[in-house]
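Take a look at the structure below.
Bear in mind these aren't lab numbers, they're just calculated from the coordinates by the rules spelled out. Everything numeric in this text was worked out from a predicted model, so none of it was measured. A quick note on method: Cβ atoms are made from the backbone with ideal geometry, for glycine too, and the neighbour counts reach across all protein chains shown.
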Amino acid sequence: MVMNNTNNYAKKLYDRAIELNCLKFGNFTLSSGAKSSYYFDGRLLSLDPIGSELISESFLKIIENYDIDAFGGPTIAAVPIVGSMVLQCKIKGLNLKGFFVRPQQKSYGAGKQIEGKITSGMKIATFDDTVSTGNSLFNAIDTMEDHGCKTQVCMTILDRNMGAREELKKRKIPFISLWESNEKGEIKVSS
């Protein structure tokens, strides 16, 4: 049901990713420390005007199916997506807040780890541009939970199928990806 709402966006987004050369092959180390023969550069897509619009429209379509007060995810990947989504919310008249979560609390300024007007008790959607093991995603979920918020759904552009989906299932958090890949870097639009 949810993917029918986003499938067209996901296909257009994939085409845009190809145009922008977002998928690279070679030897890469992922943020999880795992080695990979391919790399998806999600920032090329989320910082592109067309890509940004397609991502935010896709994620907002998913959020329509949940009772959500706010959305966001880990820095750095979530920051441009959050910015695009809050603008879309303003245009569409949606009363949703954006946030992002640092890996750790700042030691300067206001000392925040969470940026955004977020209060305890909010129901949230949490996302990252790419998910492998999900370490940065889980840090954001856990930090927001410690703040008194509850993740209702997780989203990503690309699920690398490296364990995050299974952990989210254990936590009973729905997980929706626009695309999925295998260990060879072959990407397909999720169905």
Pair residue 47, residue 104: separation of 7 Å Cα→Cβ label points (nm)
2.5
Just in region 106-168: which trypsin sites (Lys or Arg not before Pro) are loop by DSSP and have at most 14 other Cβ atoms within 10 Å?
106, 112, 117
Could you tell me how far the Cα centroid of region 1-80 sits from the Cα centroid of region 128-178, in Å?
14
Need one number: % antiparallel among DSSP beta bridges in the chain, to the nearest 5.
30
Distance in nm between residue 142 and residue 120 label points, each 7 Å along Cα→Cβ, equals 2.1
Per residue of the chain, what 222 nm ellipticity follows from adding -39500 (n - 2.57) for every DSSP H run with n ≥ 4, rounded to the nearest 500?
-11500 deg cm²/dmol
Label-point separation, residue 64 to residue 173 (7 Å along Cα→Cβ), nm
2.4
What's the longest uninterrupted piece of the chain once you rule out the GluC sites (Glu not before Pro) that are loop residues per DSSP with at most 16 other Cβ within 10 Å?
65-182
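Which links in 90/123; 12/112; 12/184 stretch past 28 Å when you go from one Cα to the other?
Table pairs above 28 Å Cα-Cα are 12/112.
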Looking at the P(r) of region 17-132, how many percent of alpha-carbon pairs lie beyond 18 Å?
56
How much length is gained on full extension from residue 184 to residue 92, taking 0.36 nm per residue of separation minus their Cα-Cα distance?
29.2 nm
